[in-house]
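Take a look at the structure set out below.
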Amino acid sequence: MSSYLMGTYEVIVVGAGHAGCEAALATARMGKKTLILSMNLEAVAMLACNPSIGGTGKGHLVREIDALGGQMGLTIDKAFIQSRMLNTSKGPAVHSLRAQADKMLYHQEMKKTLEKQEMLDLKQGEVIDLLVEDGVVKGVIMNTGAKYLAQVVILATGTFLGSKIFIGDNNFLSGPNGMAPSISLAESLKGHGIELRRFKTGTPARVLGSTLDYDKMIEQPGDDEITPFSFMNDDLECEQVPCWLTYTNEKTHQIVRDNFHRSALFGGDIEGVGARYCPSIEDKVNRFADKERHQLFIEPEGLYTDEVYIQGMSTSLPEDVQDQFYRTIPGLENLKIVRPAYAIEYDCIDPLDLKLSLEHRKIANLFCAGQFNGSSGYEEAAAQGLIAGINASLKIDNKEPFIIDRSEAYIGVLIDDLVTKGTNEPYRIMTSRAEYRLLLRQDNADQRLTEKGYRVGLVSEERYQRYKERKQAIEDEISRLEKTIVTPSIANPFLNEIGSSEINRGVSLAQLLRRSEITYDLLEAIDPERIPLSRHVKTTVQVNIKYEGYISKQLTQIERFKKLEDMKLPEDLDYNNLHGLRIEARQKLSNIRPRSIGQASRISGVSPADINVLLIHLERMNRK
Ligand SMILES: Cc1cc2nc3c(=O)[nH]c(=O)nc-3n(C[C@H](O)[C@H](O)[C@H](O)COP(=O)(O)OP(=O)(O)OC[C@H]3O[C@@H](n4cnc5c(N)ncnc54)[C@H](O)[C@@H]3O)c2cc1C
């Protein structure tokens with residue numbers, strides 16, 4: 001096929017999904033001339049599955065993306081139709097924001113942001129080949145013959161690469177939502193020596209909300225007080241729409257059981273590996289056979305559509321079976337399916353082939369992000385896109401890569417898990433994956449990351465000033481509460497009223513706030529001097545005071561963790577020549593090339609004895 005030069009950029013981003021959008025906005029905002037390509041501009045920031053952003057662990061990622069100067073938090077604050085803080089009955093480490101999104105509005109807002117961004121060109125077109133010379137990527141070729149050159153290419157092809165849809169024992173090449181799959185690029189990547197493997201995910205049917213009977217369901221309203229995702233927003237107004245809760249029953253399960261043989265998943269047609277944490281209904285009925293019912297949520301897809309999403313009911317059973325078992329669910333008896341459920345299988349890489357900067361080990365200047373790296377989820381994709389974009393810009397400037405470690409952010413946990421430990425199924429973030437989660441709360445993401453985002457040149461001056469003001473406000477308020485003493489005569493009537501034990505001498509407001517039954521808002525009754533503060537600030541003040549002891553314990557653990565992270569390993573160390581290392585460890589260390597002793601210790605197959613060998617070798621090198 002003949003090709004012709006259409007343009008030269010510093011950065012080309014292949015894919016305008018959640019990863020691609022963050023990557024391209026980051027490189028353009030860091031002053032790099034950037035081109036972002038998508039096979040179909042209707043797929044820009046498409047919410048191909050659940051119509052929501054955030055949730056447990058995922059909400060933390062969105063906050064961290066925002067704190068670093070990313071876009072997802074700002075966009076969902078413009079496109080949400082319901083907002084809830086999850087897990088509020090549990091500790092602050094797992095409080096997670098989740099917002100229902102109007103899918104069309106989310107897509108339009110993100111597309112508008114791309115269109116308006118300086119230094120960024122958005123184009124529709126299919127990349128069919130990578131240009132690689134002497135192991136370095138140089139650009140891309142389009143199916144039109146157009147050639148674009150660049151110093152760096154970021155691949156964020158999502159669930160489109162080599163994608164195939166499965167419904168019952170039928171399957172066909174297709175991307176999500178009836179969009180075209182990306183087949184040629186998959187072949188090209190294999191041709192350049194990039195190993196690909198098959199993963200899969202699934203989505204439930206979309207049905208007409210007006211055909212459902214909500215009287216048979218439990219309403220799930222949004223929170224009265226809306227907490228914005230972005231630290232750039234203090235207060236948000238929205239006429240919220242509800243979600244609805246209902247349950248499957250034995251009739252549902254029986255129909256599913258009777259048709260296991262017709263499920264692509266069970267029929268063995270699908271070779272791709274699916275996510276344990278997003279099981280299909282076949283999976284649930286099979287794996288949790290003792291469960292009488294499974295909960296599902298009816299979630300509106302937007303304000304200007306009657307389509308609703310049936311969360312928790314993805315399947316690859318044929319349409320006739322879908323129609324039968326959905327109708328057994330209370331409230332869905334008369335449903336009309338407008339988009340059948342399906343499973344999708346697609347190509348992705350093994351993230352062990354990536355550096356912590358998300359650059360591919362086999363092709364220099366080629367960065368990878370999102371579902372293409374073996375993760376699953378809009379938020380996981382966006383977080384990787386942001387880091388890949390930042391590092392692509394730094395690579396062009398010959399600067400040190402921007403690495404966030406697992407004690408600093410969920411983004412650090414996500415990328416370290418993928419690149420150091422690897423994954424054999426679509427990886428999704430969870431709070432349980434973070435060792436230091438009391439420090440990695442969603443309310444303090446800016447305190448942990450905005451300074452770093454400012455130093456790499458992504459965080460705007462306005463955002464930086466807001467961060468500094470918030471930081472000062474938090475410090476001032478904590479010290480004021482520590483210094484403000486209330487006497488028994490002032491405090492005891494209040495304490496009696498709320499059933500808390502009396503005091504017999506003057507104590508600080510902070511001391512009272514440390515009582516589990518007392519909140520910052522409640523304390524206002526005996527704290528007339530306080531100044532109005534934003535929800536963001538109040539939350540962080542309360543947690544820092546109430547969990548002070550636990551927080552300092554975790555800070556000590558992090559000090560120990562950082563010690564090992566700071567013990568750097570030479571990038572060109574010849575592990576095969578290090579006597580005392582076991583063969584498996586030599587192979588793993590040579591493949592993954594860890595940056596530090598800390599990262600080496602997290603590689604599966606590298607034992608504490610192997611780490612000792614590395615420590616002794618480092619000691620010898622330092623002495624020399
Ligand atoms: C059916 C389905 C079910 C899902 N279920 C879940 C779930 O249960 N839980 C969950 O967390 N997540 C789920 N997801 C995943 C979620 O949609 C993805 O994680 C997220 O969209 C990944 O974002 P991304 O940016 O990596 O890729 P995507 O959003 O898929 O975007 C990829 C982009 O790359 C472009 N592209 C691809 N190839 C080319 C090419 N050759 N040339 C130019 N452009 C190209 C596409 O046009 C698109 O713009 C599901 C997705 C699908 C499709």
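For the stretch 567-623, what class follows from the C-alpha gyration tensor (a ≥ b ≥ c being the square roots of its eigenvalues): rounded when a/c is under 1.5, otherwise prolate if a/b is larger than b/c, else oblate? Cα axes put the stretch 567-623 in the rounded bin.
Name the residues of the stretch 575-597 whose amide N is less than 19 Å from a point 7 angstrom out from the Cα of Arg620 along the C-beta direction? Of the residues in the stretch 575-597, 575-587, 589-590, 597 have backbone N under 19 Å from the label point off Arg620. Accessible surface of Met232 in the full protein assembly, 1.4 angstrom probe, to the nearest 10 Å²? Answer for Met232: close to 40 Å² accessible.
Given 37 °C and 0.692 mPa s, compute D for the stretch 199-276 with the Stokes-Einstein relation, Rh being the Kirkwood radius over Cα pairs; round to the nearest whole µm²/s. Working shown, then result.
Details: Rh = 17.1 Å.
Estimated via Stokes-Einstein, D reaches 192 µm²/s.
If the Kirkwood radius is taken over C-alpha pairs of the stretch 230-311, then at 10 °C and 1.306 mPa s the Stokes-Einstein diffusion coefficient equals 101 µm²/s. Ligands, DNA and RNA aside, Arg293 has an accessible area near 120 Å² when probed at 1.4 Å.
So, R0 is 51 Å and r is the distance between the beta-carbons of Ser604 and Ser174; what FRET efficiency does that work out to, to 0.05? Present the calculation step by step, with values, prior to reporting the outcome.
Working: r = 35 Å, r/R0 = 0.70.
About 0.90, to the nearest 0.05.
Available extension along the chain between Tyr247 and Asn496 is 85.3 nm, counting 0.36 nm per residue and deducting the alpha carbon span. Other residues with beta-carbon under 9 Å from the beta-carbon of Cys368 carry, at +1 per Lys or Arg and -1 per Asp or Glu, a net charge of -2. Per-atom-type breakdown for the stretch 461-556 gives carbon and sulfur 53% of the accessible area (1.4 Å probe, protein chains only). Quick one: pull the percent of accessible area on the stretch 206-344 belonging to carbon and sulfur, 1.4 Å probe, ligands and nucleic acids left out. Answer for the stretch 206-344: carbon and sulfur cover 46 percent of the accessible area. Computed with the Debye formula from one identical point scatterer per Cα of the stretch 25-86, without solvent, the log10 of I(q)/I(0) at q = 0.15, 0.27 Å⁻¹ comes to -0.59, -1.27. Net charge of the neighbourhood of Leu265, taken over other residues with C-beta under 12 Å away and scored Lys/Arg +1, Asp/Glu -1, is -2. Between Arg535 and Ala289, the simple label model (points 7 Å from Cα in the Cβ direction) yields a spacing of 4.6 nm.
What does the charge add up to near Val321, with Lys and Arg as +1, Asp and Glu as -1, over the other residues with Cβ less than 12 Å from its Cβ? Working shown, then result.
Working: positive: Arg257, Arg262, Arg327; negative: Asp169, Asp258, Glu282, Glu319, Asp320, Asp323.
Cβ neighbours under 12 Å give a net charge of -3.
Taking 0.36 nm per intervening residue step and subtracting the Cα-Cα distance, what contour gain separates Thr211 from Met1 on full extension? The partial results should precede the final answer.
Details: separation 210, 0.36 × 210 = 75.60 nm, distance 5.09 nm.
Gain on stretching Thr211 to Met1: 70.5 nm.
Classify the stretch 412-489: rounded, prolate or oblate, from the alpha-carbon gyration tensor (a ≥ b ≥ c, eigenvalue square roots; a/c under 1.5 rounded; otherwise prolate if a/b is larger than b/c)? In terms of gyration-tensor shape, oblate. Overall, the accessible surface of the stretch 391-440 at a probe of 1.4 angstrom is composed of carbon and sulfur to the extent of 42 percent.
Here is the tail figure for the chain: Cα pairs spaced more than 47 Å apart come to 19 percent of all pairs.
List the residues, sorted by chain then number, that are 5 or more residues from Ser375 or on another chain and whose placed amide H is less than 5 Å from its amide H. For Ser375, whose amide H was placed from the backbone, the distant partners under 5 Å are Tyr427. Rg and Dmax, both from the Cα atoms of the stretch 287-431 and both in Å, are 20.1, 61.
Find the all-direction average of the projected area of the Cα convex hull for the stretch 425-550, expressing the result in square nanometres with one decimal place.
Values: hull surface 42.3 nm².
Taking the Cα atoms of the stretch 425-550, their convex hull projects to 10.6 nm² on average.
List every DSSP H helix in the chain whose Cα atoms extend 15 Å or more along the helix's own long axis and whose mean Kyte-Doolittle hydropathy is at least 1.0. Going by DSSP H runs, there are no hits.
Taking only DSSP H segments of four or more residues, each worth -39500 (n - 2.57), what value at 222 nm results for the chain once the sum is divided by all its residues, to the nearest 500 deg cm²/dmol?
Details: 20 runs with 215 residues, N = 624.
When only DSSP H runs of four or more count, the value is -10500 deg cm²/dmol.
Exposure check, 1.4 Å probe, all protein chains in place: Ser357 carries approximately 10 Å² of accessible surface.
The values are calculated or read from the model by the stated rules, or taken from the named source; none is laboratory data. These numbers come from a predicted model, not from an experiment. Note that we place each Cβ from the backbone using ideal geometry, even for glycine, and neighbour counts take in every protein chain shown. To get the accessible areas, we keep the full protein, side chains included, count just its heavy atoms, and leave off ligands, DNA and RNA. Shrake-Rupley method; radii C 1.70, N 1.55, O 1.52, S 1.80 Å.
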